[in-house]
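Undergrad: This structure is in structure tokens; I'll ask about it shortly.
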Amino acid sequence: MRMKFKILKKLISVAIICTMITALFVPTISVQAAEAQEIIDVVENYTDIENSEYKILDATHSYGEIYVRYSVPAACKLILAEYDGVTGYLRSTQIKSLSSATNSSIYFYLDYYGNQSVTIKLFIVDSNNRPLGKSYTESFEITENNEAPSFFYGYDMDPHPTVPLKNDSGRYAYAAPWSVDTDGVLSLPGGNTYLSTDGRNTMPWNEYREGITSIVMSGDMCEVGGYMFEGMNKVKEVTIPAHAQLYEKAFIDMASLETVVLSYDNENNNNGYYYPSLDVKGGSFINCPALKEFIVDKNDNNYMTIDGVLYSKDGTTLIRYPAGKTDKTFTIPDTVKYIDSYAFEGAANLESIYNVSYLDSPKVFSNCTSLKNIEISSSVEVVDLSAFENCTSLKQLVFPDSVGNIYENYNWDEYDDRFKLETTALESINIPSNLSDYPEELPGFLPGSLKSITVSADDSNFKLVGNALFSTDMTKLYRYLGGSQNTTYTVPDSVTSIEQNAFKNCKNLKSITVGSNVTTIGSNAFEGCTNLTDITLTNISDIEYDVFKNCINLKNVELGSAKQIYQNAFYGCKSLESITIPASVDYIENGIFAHCDSLKSINVAEGNSSYSTFDSCLYQGQTLMEYPNAKAENYVVSSDTTNISNSAFEGRTSLKSVVIPDSVTEIGSCAFSECSNLTSVSLPQNLYALNSCIFSECTSLSSIDLPDSLNSIGSSAFEYCKSLKSIEFPELTDESSFSIGEKAFSHSGLESATLPKKVYLNYNVFFGCFDLKWVKFQGDSYDNMTSFVFWNIDDLTIYYPEGNTTWNAVILHNYEHKDSLKFVSYNDTNNNYNCSYTFNGLEPNTTYMVGVSKELASDTLFDSDTLVYFDQLNSDSKGNITISYKISDSSGKVIPFVLRPAKYDISNVSIEVGEVIYSGKSQDKPDHYTVTLDGEELTEGVDYLVTKDSGFFCEGTFDFEIIGIGDYYGTTSQLYKAKCYDYDVDGDDIVTIRDVTAIQFYLAGIRDVNNLYAADANNDGEITVEDATHIQKLLAGIC
């Protein structure tokens, strides 16, 4: 049955001639047809593609996903080639495996922003990429209304769809091994393993997340980093070595997790080599609402459990209360002296907690949404108010007099800037009489929902009068009780200072009268007074930070004799249409009117020597300081302007285009940040720097021309510019250098970048640029590069000048996914070429798959970074096919190829598998098997390959699966049985749970076993608790 193929010499010679012709016109590209012989191959007999049973039925698009319906008689692959709908050039490719199915469906994810025209072509191929059916073409428009959302709170959501479970394995991070099996078990067997990177959606097993139900870590696992298993919502049980160090949020957002087992390993557990202290943290299991219990071996030296709650071995530390426990009340044992961060986080069923002995840890009770009663013991001396974050049912707090310090641990990494008591329903609180450490800070932490505050009569710091908390001499107003139903309030005449946050979130107040004796108002004093419409200030010198922030109904403000106005003073005052800056003001910080959506004009009173109004904008000399948001959608800056201040246009969502004249030589930080509808910017030609955050979160900005004078781009300058696909840097002289700041293009939509010759790249310049496919460097040396420049990018090609030998070390130091990084050298030219190639000597009027690639390895042939051109075409009556494609100086070597159709369906073969004995260790495939067709045995590696799904790992029935190669296409399989060794440990001629008990008694030293050989159930040469577990799994049928 060995079929002889005829390699057409004429085809190869023509390819070589085309190579010579191409070389004349494209000196930097070499087409090497000789390397293509493996694929440029034609046979005498062809599969009839026109009548093939391998069919693509249709393809539809919805919210960034391409849904494909297909019918295939045997296993194969589906290739999606994506072309730009305007230029027609190949943009990317994706490959998915298909199983035999009739009218089934699968989907691909396309990540787009803004309006796009896209053409897709779908191809069905066998394991050797040979065509099995006709291609399918579909074109569609992606608009802003149907594109898929991509980021939330600064982190990109995982765009990759999941795939069905299969036996798979690999390594990650610090060479950490992993494997997943078809039973849904993810195994991490250790081996000096550190999983200490931030794992947000980057883990190699993430594509199996919908099928994984159990995670088992073992051996000398050292560290488990944050977000390593984020969002694996089907996992129900996790087994962790008790000696491992768990970072906070390692197992965050695991909706189905019910059980956490801290396994005991006598060799590795608590040996002092890794982390001998308590390194399982309460914060390691955030937002795991189904978690019901922790299980700890009684021999563990660090941990113990009581009713599923995790404690230190001596009972002095309460580490984690399982959030899914159904109890409504819980009393903390008297032995507990320390309660860990997040210890009760998410315990939504708890209504009452008693004997709370420690509150100096962050977020102890966060997200306990049913919690109504907290009994704090007299041993508590310090209280961190973040402990009560999002306790939305908590209305009362009573602190014992032992408390001398109340503060809030603020986490600046979070996006919620509220004080944590503001996330509760708190209505009543007392102030301890012995409060001594910075007592004046406490009122600022109190929420606007308060209806009552209890203060002892002999308190030396505070005095409650009516609905407000004052200093004892009544000169400072610390906090107004926002839970009061009053709509008006008059500040007493004795008050000279309204303190920070004094009226914050007092949502019922419509009018506040501030007398002339008040000379100081603290920052955020009126923030969030959403019904406040008017306010008059007379003798206030300083208008502090955020003082009227988010007063969304504030329409009239009189600033009296104010002298200084600080940043964000009127941030988010959406109803403010006009404001007058008094003549007395001599200092204004940047960004005071950000997100004032209705503001049409900013006026400056006559006689002000520091500021002026021009074209309704605020100026200081020739510097434009503030642009009113509602002025115009399209704006041309005055030619008299020389500078644009920091945040001058920040948050101006009405702005769509702006033209900046050449008279402007400096634009400040964040000048246009959060202008979400800004699509066009014309920059001045005398600009030397784009300062930090200048266009950050301008999500509609799709292009921008950088002036030739520019030599630096600041940190986060284009961060989250999701519509920005490409950018051209200015051409500098050989002596000039260019600096790009930290996160300058982080999370932008960049797809490619050609950098200046001398460039300094700072930390995380391209962090999270998931669409970035290639970066071209033009200089000879790039030592000026800090860490993580290309961090969190799945695939990347680096083009570098030919002859440079320092590249690999420089780039690899700054790149996370080193295995997918490609290096391509080039000659220093700047040309693109439109090329054509003709294949001759093919079978006339026959369908072929043709393309142009940078390499011909079958496993990478259809990678986006490899494929230059790809299509399925018919040869003409003379057996010719001509293709047209585009290459550039960065394409490197390219090779035209034609793929011959397959001939024989391997599903017609016969498979025999010999006797299979399971010895306790898994195997990739059986030891003995034969594959025959019509009595003639086929050859493995020539006619077929055995897939890695053909192995066995316990007693049971398994699939032996092969895939056709050479003359054969498709996939077929044969069931076989694996028999186990004897597990009759107690000698009663039957395997039951009693055999598990026999091993346990043996390990405990109670009695010997009848059959030592059978007791070593996993055949590893020793009898351990793992042997008992092995038999339990066999009995349960889960192996």
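The values are calculated or read from the model by the stated rules, or taken from the named source; none is laboratory data. Here the structure is a predicted model, which means the values were calculated and not measured. All Cβ positions, glycine included, derive from the backbone under ideal geometry; neighbour counts span all protein chains shown.
Undergrad: Residues that are under 13 Å from residue 644 (Cα atoms) and of a type outside the set (A, V, I, L, M): does segment 699-721 have at least one?
TA: Filtering segment 699-721 for residues under 13 Å from residue 644 (Cα atoms) gives none.
No, segment 699-721 contains no residue that is under 13 Å from residue 644 (Cα atoms) and of a type outside the set (A, V, I, L, M).
Undergrad: Further, regarding this structure: Hey, does segment 989-1009 have a residue that's β-branched (Val, Ile, Thr), surrounded by fewer than 18 Cβ atoms within 10 Å (Cβ to Cβ), outside any loop (DSSP other than H, G, I, E, B) and at pLDDT 85 or above? Outline the logic, then answer.
TA: Taking segment 989-1009 and keeping what is β-branched (Val, Ile, Thr), we get 990-993, 996-997, 999, 1006, 1009.
Cutting the leftovers down to surrounded by fewer than 18 Cβ atoms within 10 Å (Cβ to Cβ) gives us 990, 992-993, 997, 1006.
When the remaining residues are screened for being outside any loop (DSSP other than H, G, I, E, B), the result is 993, 997.
Still in the running and at pLDDT 85 or above: 997.
Within segment 989-1009, one or more residues are β-branched (Val, Ile, Thr), surrounded by fewer than 18 Cβ atoms within 10 Å (Cβ to Cβ), outside any loop (DSSP other than H, G, I, E, B) and at pLDDT 85 or above.
Undergrad: What do you reckon, is residue 163 among the aliphatic types (A, V, I, L, M) and either surrounded by fewer than 18 Cβ atoms within 10 Å (Cβ to Cβ) or modelled with pLDDT under 80 (or both)?
TA: On the way: among the aliphatic types (A, V, I, L, M): yes; either surrounded by fewer than 18 Cβ atoms within 10 Å (Cβ to Cβ) or modelled with pLDDT under 80 (or both): yes.
Spelling it out, residue 163 is indeed among the aliphatic types (A, V, I, L, M) and either surrounded by fewer than 18 Cβ atoms within 10 Å (Cβ to Cβ) or modelled with pLDDT under 80 (or both).
Undergrad: Test residue 376 against the criterion of being closer than 25 Å to residue 484 by Cβ, outside the structural domain of residue 525 (by TED's automatic domain parsing) and either hydrophobic (A, V, I, L, M, F, W, C) or in contact (Cβ under 8 Å) with a residue 60 or more places away in the chain (or both), and give yes or no. Show your work before the answer.
TA: On the way: closer than 25 Å to residue 484 by Cβ: no; outside the structural domain of residue 525 (by TED's automatic domain parsing): yes; either hydrophobic (A, V, I, L, M, F, W, C) or in contact (Cβ under 8 Å) with a residue 60 or more places away in the chain (or both): yes.
Answer is no for this residue.
Undergrad: Somewhere in segment 78-99, is a residue surrounded by fewer than 20 Cβ atoms within 10 Å (Cβ to Cβ), modelled with pLDDT of 60 or more, under 14 Å from residue 140 (Cβ atoms) and of a type in the set (Val, Ile, Thr)?
TA: No: segment 78-99 contains no residue that is surrounded by fewer than 20 Cβ atoms within 10 Å (Cβ to Cβ), modelled with pLDDT of 60 or more, under 14 Å from residue 140 (Cβ atoms) and of a type in the set (Val, Ile, Thr).
Undergrad: Do you know which residues across segment 667-686 are in contact with an Asp or Glu (Cβ under 6 Å, 6 or more places away or on another chain) and on the phi < 0 side of the Ramachandran plot?
TA: Taking segment 667-686 as the starting set, the residues that turn out to be in contact with an Asp or Glu (Cβ under 6 Å, 6 or more places away or on another chain) are 670, 673-674, 684-686.
Correct list: 673, 684, 685, 686.
Undergrad: What's the number of the condition residue 379 fails, among (1) touching a Ser or Thr at 6+ places or on another chain (Cβ under 9 Å); (2) within 20 Å of residue 287 (Cα to Cα)?
TA: (2)
Undergrad: Out of (1) part of a loop (DSSP other than H, G, I, E, B); (2) more than 29 Å from the chain's Cα centre (by Cα), what's the single condition that is false for residue 290?
TA: (2)
Undergrad: How many residues are more than 18 Å from residue 653 (Cα to Cα), of a type outside the set (A, V, I, L, M, F, W, C) and either modelled with pLDDT of 95 or more or in contact with a Phe, Trp or Tyr (Cβ under 8 Å, 6 or more places away or on another chain) (or both) if we restrict to segment 561-579? Outline the logic, then answer.
TA: Taking segment 561-579 as the starting set, the residues that turn out to be more than 18 Å from residue 653 (Cα to Cα) are 561-567, 569, 579.
From the residues that got through so far, the ones that are of a type outside the set (A, V, I, L, M, F, W, C) too are 561, 563-564, 566-567.
Imposing the further condition that a residue be either modelled with pLDDT of 95 or more or in contact with a Phe, Trp or Tyr (Cβ under 8 Å, 6 or more places away or on another chain) (or both) reduces the set to 563-564, 566-567.
Qualifying residue count, segment 561-579: 4.
Undergrad: Only one of these is of a type in the set (A, V, I, L, M), at pLDDT below 75 and either touching a Cys at 6+ places or on another chain (Cβ under 7 Å) or crowded, with 20+ Cβ neighbours inside 10 Å (or both): 740, 793. Name it.
TA: Details: 740 fails: at pLDDT below 75.
Only one candidate qualifies: 793.
Undergrad: Filter segment 462-485 down to residues that are part of a loop (DSSP other than H, G, I, E, B) and in contact with a Leu (Cβ under 7 Å, 6 or more places away or on another chain) and give me whichever is nearest to residue 569 (Cα to Cα). Spell out the reasoning first.
TA: Just the residues of segment 462-485 that are part of a loop (DSSP other than H, G, I, E, B), to begin with: 466-467, 472-475, 481-485.
Next, only the ones that are in contact with a Leu (Cβ under 7 Å, 6 or more places away or on another chain) stay: 467, 481-483.
On the way: 467: 26, 481: 23, 482: 21, 483: 24 Å.
Per the criteria, the residue is 482.
Undergrad: Any idea which of 65, 144 is farther than 25 Å from residue 870 by Cβ and at pLDDT below 80? Even if it seems obvious, please write down each step before you answer.
TA: On the way: 65 fails: farther than 25 Å from residue 870 by Cβ.
The conditions single out 144.
Undergrad: I've got another one for you. Go through segment 567-597 and report how many residues are buried (at least 19 other Cβ atoms within 10 Å of the Cβ) and outside any loop (DSSP other than H, G, I, E, B).
TA: 3
Undergrad: Further question: Here are the criteria: (1) more than 21 Å from residue 491 (Cβ to Cβ); (2) surrounded by fewer than 18 Cβ atoms within 10 Å (Cβ to Cβ). Tell me which single one residue 563 does not satisfy.
TA: For residue 563, the failing item is (1).
Undergrad: Does any residue of segment 618-631 turn out to be among the charged types (D, E, K, R), out of contact with any strand residue (DSSP E or B) (no Cβ under 6 Å at 6 or more places or on another chain) and surrounded by fewer than 17 Cβ atoms within 10 Å (Cβ to Cβ)?
TA: Residues of segment 618-631 that are among the charged types (D, E, K, R), as a first pass: 626, 631.
Retained after the next criterion (residues that are out of contact with any strand residue (DSSP E or B) (no Cβ under 6 Å at 6 or more places or on another chain)): 631.
Still in the list and also surrounded by fewer than 17 Cβ atoms within 10 Å (Cβ to Cβ): none.
No, segment 618-631 contains no residue that is among the charged types (D, E, K, R), out of contact with any strand residue (DSSP E or B) (no Cβ under 6 Å at 6 or more places or on another chain) and surrounded by fewer than 17 Cβ atoms within 10 Å (Cβ to Cβ).
Undergrad: With respect to residue 557, determine if the residue is crowded, with 16+ Cβ neighbours inside 10 Å, of a type in the set (A, V, I, L, M) and outside any loop (DSSP other than H, G, I, E, B). Explain how you work it out, then say what you get.
TA: Values: crowded, with 16+ Cβ neighbours inside 10 Å: yes; of a type in the set (A, V, I, L, M): yes; outside any loop (DSSP other than H, G, I, E, B): yes.
Yes; evaluated as a whole, the condition is true for this residue.
Undergrad: Tally up the residues in segment 347-371 that are modelled with pLDDT under 95 and of a type in the set (D, E, K, R), please.
TA: Here the count works out to 2.
Undergrad: When segment 338-364 is examined, which residues are found to be part of a loop (DSSP other than H, G, I, E, B) and farther than 13 Å from residue 286 by Cβ?
TA: So the first thing to find is which residues in segment 338-364 are part of a loop (DSSP other than H, G, I, E, B), and the list is 340-351, 357-358, 360-364.
Within segment 338-364, 348, 349, 350, 351, 357, 358, 360, 361 meet the criteria.
Undergrad: Something else: Is at least one residue of segment 631-639 within 26 Å of residue 554 (Cα to Cα) and either over 36 Å from the mean Cα position of the chain (by Cα) or modelled with pLDDT of 95 or more (or both)?
TA: Taking segment 631-639 first, the residues within 26 Å of residue 554 (Cα to Cα) are 631-633.
Right, trim to either over 36 Å from the mean Cα position of the chain (by Cα) or modelled with pLDDT of 95 or more (or both) and you get 631-632.
Scanning segment 631-639 turns up at least one residue that is within 26 Å of residue 554 (Cα to Cα) and either over 36 Å from the mean Cα position of the chain (by Cα) or modelled with pLDDT of 95 or more (or both).
Undergrad: Out of the residues in segment 959-982 that are in a strand (DSSP E or B) and over 18 Å from residue 907 (Cα atoms), which is modelled with the lowest pLDDT? I'd like the intermediate steps shown before the answer.
TA: Just the residues of segment 959-982 that are in a strand (DSSP E or B), to begin with: 959-964, 968-969, 971-980.
Next, from what is left, pick out any that are over 18 Å from residue 907 (Cα atoms): 977-980.
Working: 977: 85, 978: 80, 979: 75, 980: 66.
Result: 980.
Undergrad: Give segment 370-396 a look and list any residue that's hydrophobic (A, V, I, L, M, F, W, C) and under 13 Å from residue 446 (Cα atoms), or say none.
TA: Going residue by residue through segment 370-396, those that are hydrophobic (A, V, I, L, M, F, W, C) are 371, 374, 376, 380, 382-383, 385, 387-388, 391, 394.
Within segment 370-396, 385, 388 meet the criteria.
Undergrad: Being of a type outside the set (Gly, Ala, Ser), in a loop (DSSP other than H, G, I, E, B) and within 22 Å of residue 745 (Cβ to Cβ) is the filter here; which residues of segment 656-686 pass it? Show your work before the answer.
TA: Residues of segment 656-686 of a type outside the set (Gly, Ala, Ser): 656, 658-662, 664-667, 670, 672, 674-675, 677-679, 681, 683-686.
Right, trim to in a loop (DSSP other than H, G, I, E, B) and you get 656, 660-662, 664-665, 670, 672, 674-675, 677-679, 683-686.
If the condition is that a residue be of a type outside the set (Gly, Ala, Ser), in a loop (DSSP other than H, G, I, E, B) and within 22 Å of residue 745 (Cβ to Cβ), then 660, 670, 672, 674, 675, 677, 678, 679, 683, 684 are the ones that fit.
Undergrad: If you take the residues in segment 205-223 that are at pLDDT below 80 and surrounded by 22 or more Cβ atoms within 10 Å (Cβ to Cβ), which one is nearest to residue 164 (Cα to Cα)?
TA: In this case the residue turns out to be 221.
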